[in-house]
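Bear in mind these aren't lab numbers, they're just calculated from the coordinates by the rules spelled out. The structure presented is a predicted model; accordingly, all values stated were derived computationally and were not measured. Note: ideal-geometry Cβ built from the backbone for every residue, glycine included; neighbour counts use all protein chains shown.
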Amino acid sequence: MSGTDWQEVFGVIGLFTLITVVVSVIIRQLGASWRAKAVLAREEEYRKLAEQSLVAQQLTERHLADMQNRMESLERILKEVE
């Protein structure tokens, strides 16, 4: 093999290596951005769930307060009847 043949072989190997590295980096970056989007979507769902839980808790507290008022009213009525 002559000197130019070796240069061509090394050039092809270098080009193949470069293409492999570039493709690997692109795939890795795409995977990272997909994972980041999935994390953001999951956090958004958790935020919505927390808001729904807060609303449910506030509604329950209102119902309990209303029930307490009714119970006190019922106790007063029963004391008056005695």
Check: In this structure, is LEU30 under 22 Å from the mean Cα position of the chain (by Cα), surrounded by 10 or more Cβ atoms within 10 Å (Cβ to Cβ) and free of Cβ contacts under 8 Å to residues at least 24 places away in the same chain?
Finding: yes
Check: Within the bounds of segment 2-11, is there any residue that is part of a loop (DSSP other than H, G, I, E, B), among the small types (Gly, Ala, Ser), surrounded by fewer than 10 Cβ atoms within 10 Å (Cβ to Cβ) and at negative phi?
Finding: yes
